[in-house]
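Note sheet for the following structure.
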2 protein chains.
Amino acid sequence: MALSQRIRKLKPYVAGEQPQDRVYLKLNTNENPYPPSAKVQDALRTFDSERLRLYPDPLCRGLRRRLAEKYGLSPEEVFVSNGSDEVLSFCFYAFFDSTEGKLLFPEVTYSFYPVYCDYYGIAFETVPLSPSLSLDLRGFLGKNPSCGIIFANPNTPTGTCLPLGEVTRLLQNYPPSKAVVIDEAYIDFGGESALPLLSDFSNLLIVRTFSKSMSLAGLRLGFAMGRKELIQALFAAKDAFNSYPVNTLTQLIGEMALSDEPYYNAITGKIIATRERFSKALLGLGWHVLPSKANFVFASKKGIPGKKVYSKLKEAGILVRHFDKERTRDFIRITIGKDEDMDRLIDSLANLFS
Amino acid sequence: MALSQRIRKLKPYVAGEQPQDRVYLKLNTNENPYPPSAKVQDALRTFDSERLRLYPDPLCRGLRRRLAEKYGLSPEEVFVSNGSDEVLSFCFYAFFDSTEGKLLFPEVTYSFYPVYCDYYGIAFETVPLSPSLSLDLRGFLGKNPSCGIIFANPNTPTGTCLPLGEVTRLLQNYPPSKAVVIDEAYIDFGGESALPLLSDFSNLLIVRTFSKSMSLAGLRLGFAMGRKELIQALFAAKDAFNSYPVNTLTQLIGEMALSDEPYYNAITGKIIATRERFSKALLGLGWHVLPSKANFVFASKKGIPGKKVYSKLKEAGILVRHFDKERTRDFIRITIGKDEDMDRLIDSLANLFS
């Protein structure tokens, strides 16, 4: 077998199910229940396919300019790549090496983080959550020398979000020579972004995605915001892996989506309203629900293992996600769909576990 | 500066210029002068953008099935990813580690190979070309223990192509426990593919792209063909880097392009005819032209440094590529465009250097 040592040892990330056979109500991978902006459809209809014969702009200038305008930055402070998963991969490569200490991230968080560590050979240490399963940033400061910090805010799969004050305190007390990466994939659903801190902290990098609030999971587009030096390092990593990771159509569709803020504000508002309504309904059925600022909720019901809830719902044609680890196995993570989707789920839960 | 050791040392690949300001006749990055199939335009016009709200099929099943049918393989023997650059990156990760010897590749070849080595920390050794600048595969066998071989056939930037017999002899004499990756980005322009060898050699992997003969450089789509075990390793690498590197539209457009073989045969035929005609015209002007089986030619004129040719042509609005290394600096690499493009270039060369 002509395989490298590193591939023999590698344990890949396991994404949520994407079944292509049976039709499920998909509440398992935090996709948006509403279509992308109509401007996306227009862009596709009028796109001249001859443009595809040429390589894309490797610097994604138009798209980065738009993002910079939207967030009050300069284009040199914005990086884009093929989904926030790829942006994160380049972050691990460019910012974290454990020669100077381990990388720190929460014990319960996006389960891709340890996989990136594995891919690049980065040693890490996890920081416990509080008893209520929220992030406890003090835990990041009491550790031995570390080579950087990454956490998701809102966190996944819990959905809880830290206020800006706590994030500020972390940055004030962490060495400015080491990167702090905040994964804000879910920030548009009501959390407080660390964006205002970029001007004060040169070691802060914020990662975002078009997959959730922009309803473009199928497009694979993510971005990062931070000081020019950090963005240049991400470009260097990209240019040693794949010079053109974002194709011409994706760059254009991203720009079009950014030009329709009213539509996206409207659907985000609907998802937030549905989340609040659904959370109350779940509480009404006797479930424990963590306070969420994301487009999903993390919930459990006493005496019923999360795995059983997952399986029973799958039989009923509804996919949710279960994480079979010590602190998460009582729970299921439920994506917020449309009102009618959540009503169907509430009915199923009431029937199955009352 | 919050940067890792590895990023400080990294020297990224430098792709050919993609100027977005002035309009050049672009004969520098081996793009196809003809548009993609009309089926690509149809696919874009009729695509329902709502599909983009969901994640893509991470296994790219439809596209892999089509490729498998086209090349007489099973889908399990096909891997697809975001451009052949990304496929190659996963190959370096999955197959080559220098604990058992260095990786071998030709001294003159795709200049991304040493960058991947740098990215993943793989030691390598280069094998000299023959005096006529063609690959000399015997050079790969006389070396100390190596961890694998990669070469491009046709090679770049030279354009020369080895016959199947020589490739077969290499595989017969190289340890079957170590991977041999053949980068066939340019194979459709008249070279002999190693495809018939896949059934005999379990360590052979062939990498291809939609960027050149399929006229879809802007789409970023590449693929690999080989035994199931090798393909599984590429999937494992992908799943530790980015679960969904190929977006929904790209998968669909790739399928559509594959369904229009007559069109692609026609434009490939035209490019080959133009190459032969152009090569003769260059010879007529007193240039030295390597025999090419690619959509470009590598040419030099005695007494005129390649760099000077490159600069003078750029002033005249024509981009070609110059590689400033010992064995290549006398030459320029010229992409084959349409007949009229090459006529314009011949006129410029006649005026500038007669």
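Laid out as a table, the results:
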| read-out | value |
| --- | --- |
| Stretchable slack from B:ARG8 to B:TYR24, in nm (0.36 nm times residue separation minus alpha-carbon distance) | 2.3 nm |
| Number of partner chain Cβ atoms within 10 Å, mean per residue of A:212-218 | 5 |
| Residue pairs, from the table A:LYS314/B:LYS238; A:LYS70/B:LYS11; B:LYS312/B:LYS338; B:LYS270/B:LYS314, whose Cα atoms sit over 29 Å apart | A:LYS70/B:LYS11 |
| Debye log10 I(q)/I(0) at q = 0.16, 0.19, 0.24 Å⁻¹ for the range B:232-327, Cα point scatterers | -0.89, -0.96, -1.23 |
| Among beta bridges that DSSP assigns inside the range B:139-228, antiparallel share in %, nearest 5 | 40 |
| Part-to-part distance (alpha-carbon centres) for the range A:120-143 and the range B:318-338, which is given in Å | 52 |
| Principal semi-axes in Å for the range B:156-209 [√(5λ), Cα gyration tensor, largest first] | 19, 12, 10 |
| Magnitude of the charge dipole, the range A:1-84, Cβ model with Lys/Arg +1 and Asp/Glu -1, debye to 20 | 340 |
| Chain A, dipole about Cα centre (Lys/Arg Cβ +1, Asp/Glu Cβ -1), debye to the nearest 20 | 760 |
| Rounded to whole Å, sorted largest first: equivalent-ellipsoid semi-axes of the range A:17-141, Cα gyration tensor | 34, 23, 16 |
| Alpha-carbon centroid distance for the pair the range B:271-316 / the range B:3-50, whole angstrom | 24 |
| Cβ neighbours within 10 Å from other chains - mean over A:89-99 | 4 |
| Fraction of antiparallel bridges per DSSP, the protein assembly as shown only, in percent to nearest 5 | 50 |
| Computed over the range B:140-244, the ratio Rg/Rh where both radii use C-alpha atoms and Rh is Kirkwood | 0.98 |
| Cα-based equivalent ellipsoid, the protein assembly as shown: semi-axes from gyration tensor eigenvalues, Å | 46, 27, 25 |
| Modelled FRET efficiency - R0 30 Å, B:LYS302 with B:THR168, Cβ distances, 0.05 increments | 0.25 |
| Rounded FRET efficiency, nearest 0.05, which uses the C-beta distance separating A:THR99 from B:ARG138 and R0 of 60 Å | 0.90 |
| Estimated translational D of the range A:47-258 in µm²/s (Stokes, Kirkwood radius over Cα pairs; 20 °C; 1.002 mPa s) | 123 |
| Evaluated at q = 0.11, 0.12 Å⁻¹: base-10 log I(q)/I(0), Debye formula over Cα of chain A | -0.77, -0.93 |
| Teacher prompt: A:THR46 distances to equivalent labels in other copies, 7 Å Cα→Cβ, nm | 2.3 |
| Per-pair calculated FRET efficiency, R0 = 30 Å: B:GLU315 and B:ARG277 via Cβ, rounded to 0.05 | 0.70 |
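Each value in this text was obtained by applying a stated rule to the coordinates, not by laboratory testing. Keep in mind that what you see is a predicted model, and the values were worked out from it rather than measured. Virtual Cβ from ideal backbone geometry, glycine too; neighbours counted across all protein chains shown.
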